[in-house]
């Protein structure tokens, strides 16, 4: 869906991105993570030509973005940023309808779409006529998300989308994003400097340091040991282990052969993290998974 | 709430002028000769004393103060008008009864109390306008030399007022077109913007009269080289040099306001507009212009008031307007004629300022 092919970006003497090659499959929720100054925002902005590569090629839907019309490309890709940038002189409804208006949709269709989106991001329809200044941080961020989704783009770019809201709202919005991603199947590329957020959201992780790719791949595979030293340093060993447990399913780790009679039952779709919590609560070293069994040793990295 | 005591200042001035002022009215043998000064207490009818309690209530800190001040002003003006008519009785037909410095000072001080910022100001202004209309309609003011001059010049004043309005609007429109082009160029290149700013700042340093004088030979040479321009209605003297010169002056406040308004937009908002796929034109029309509107209106207000004032100087190069009356009066040493030109200019400038100020607050 999105491919970076040996891409470098140079700002004057400084090289923000150095020879990055990575591909993001359709439907992924790919998280770009790394310390500040690692070039993750620049990499994100290459996708809708808000930045231009000094070398290499960026392809979106198989086409080189350098050949695309920038305005048309941007209207086809949703964009959410930390500071939101809502238009302060427009109502919430008009903010959300910006891209449809740019695309020349008729008014009734825009109004209907705005109503749909308010429901999708779970905003009170009564807010539609308010100005952005009257919104809370969380509400404003939901409006920003709705605006990015307005013309139903298949790709959504999010630059530190939850950076400006408090931790409780952030947790809520992350859950909301996971839900919307599952419901819409869009390809999402999200930038964060928060490793925990990255591990919680990502189906795919792209780890950057000083403009270079450190690691990229499916989140579960990257979180499995032996993780690269930089990954361990970035995420911390505990978070990495916990995340791995929450990504792997019981059905994949269960061993053949029945469990002891008293063993508690767990569904094969459950995560290893849930299995571990059940073991702790029941004091049971083995769980029953249908006709198979899951000993606690199966939770350990092999 | 602002303190009440500053209102005592104009009230005190009015009192001092009315009690001790040497020149409330003067009777002159004709419109050009200076007359013999008369004090208020010697010439005003007894009922004029009614304006004193009204003046005091007009200075007091209460809601109805501007209304009382307006009433005081109307009573005083009526008394002055009656006194003038009395003076003229039996005098030669060319004799004129003219308002003196003390009367002007008292009237101006009372007007300040009427328009003092606060509640009931608009109501008081309406009362004043209504009262003035009634006094003029009833012929109470006909004895005053200013009214005599006005009756003699009624058509000329009306025509000059219209010309003045037209010239102000045309100069403002011309300046707006010039400033918009320069501001857009400045948006594309910050260096160019700073250059235009300096250039127009330089124009401000040239005195208006010198600039008009400079434009006359330049335009004459231009018209000599391209006679077609003359056919298009341009001339080396008259409205053309005045409009060009005034537009150059007005361009600076407009350009400054446009530049501030266009560049003050929150960078995050501009970035969002870019990311959503707005082109330059859309970003200007949908984001930069509406968000800069309060700045633009502020600049427009300054420029419009300046336009009304500067067009007065256009009378010097034959552009007409109220300035022509002022300069004609100055040439004749006819104070009433000067005032006949100047008072509408002041009223016009105040009205434009108040009107655009109200728009600015709403934006």
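Taken together, the values in this text are just the output of simple stated rules run on the coordinates, not laboratory data. Since this is a predicted model, take the numbers as computed values, not measurements. So basically every Cβ, Gly included, is an ideal-geometry build from the backbone, and we count neighbours across all protein chains shown.
Observations
- Averaging the sequence gap over all C-alpha pairs within less than 8 Å and six or more residues apart, then dividing by the number of residues, gives segment A:249-299 a relative contact order of 48 percent.
- Between residue A:69 and residue A:119, the contour length at 0.36 nm per residue exceeds the Cα-Cα span by 14.8 nm.
- Note on residue A:126 and residue B:136: with the Förster distance fixed at 45 Å, the Cβ-Cβ geometry gives a FRET efficiency of about 0.20.
- 0 to 90° range, to nearest 10: angle between helix B:322-332 axis and chain B longest Cα axis: 50
- Counting only alpha carbon atoms, the long axis of helix A:167-184 and the longest principal axis of chain A meet at about 90°.
- Two-decimal Rg to Rh for the protein assembly as shown - Kirkwood Rh, Cα set: 1.22
- Between 0 and 90°, nearest 10: helix B:190-205 axis offset from chain B longest Cα axis: 30
- One chain, two ends: residue B:52 and residue B:32. Fully extended at 0.36 nm per residue, the span grows by 3.9 nm beyond their Cα-Cα distance.
- With a 10 Å cut-off around each Cβ of B:276-285, the average count of Cβ atoms from other chains is 5.
- Förster-model FRET efficiency, 41 Å R0, residue B:13 and residue B:293, C-beta, rounded to 0.05: 0.55
- Average partner coverage of B:108-118, which counts Cβ from other chains inside 10 Å: 0
- Spin-label model, residue B:188 to residue A:109: label points 7 Å out along the Cα-to-beta-carbon direction sit 3.4 nm apart.
- The listed peptides A:180-187, B:76-83, B:220-227, A:24-31, ordered by packing as a protection proxy, come out as B:76-83, A:24-31, A:180-187, B:220-227 (highest mean of other Cβ atoms within 10 Å first).
- Summarising the label geometry, the points placed 7 Å from Cα in the beta-carbon direction at residue B:260 and residue A:255 lie 7.8 nm from one another.
- When each of the peptides A:6-18, B:322-334, A:197-209 is scored by how many other beta carbons lie within 10 Å of its residues on average, the order from highest to lowest is A:197-209, B:322-334, A:6-18.
- FRET efficiency for the residue A:212 to residue B:204 pair, using the beta carbon distance and R₀ = 45 Å, is estimated at 0.20.
- Per-residue ellipticity at 222 nm from helix content only, as computed over chain A with -39500 (n - 2.57) for each DSSP H run of at least four residues, stands at -10500 deg cm²/dmol.
- Estimated at 0.36 nm per residue, the fully extended path between residue A:11 and residue A:269 surpasses their Cα-Cα distance by 88.1 nm.
- In this label model, residue A:262 and residue A:277 are separated by 2.4 nm, measuring between points 7 Å along each Cα→Cβ vector.
- Chain A shape via C-alpha gyration tensor axes, a/c threshold 1.5: oblate
- Listed peptides B:23-35, B:171-183, B:309-321, B:204-216 by packing density, highest first (mean Cβ within 10 Å): B:309-321, B:171-183, B:23-35, B:204-216
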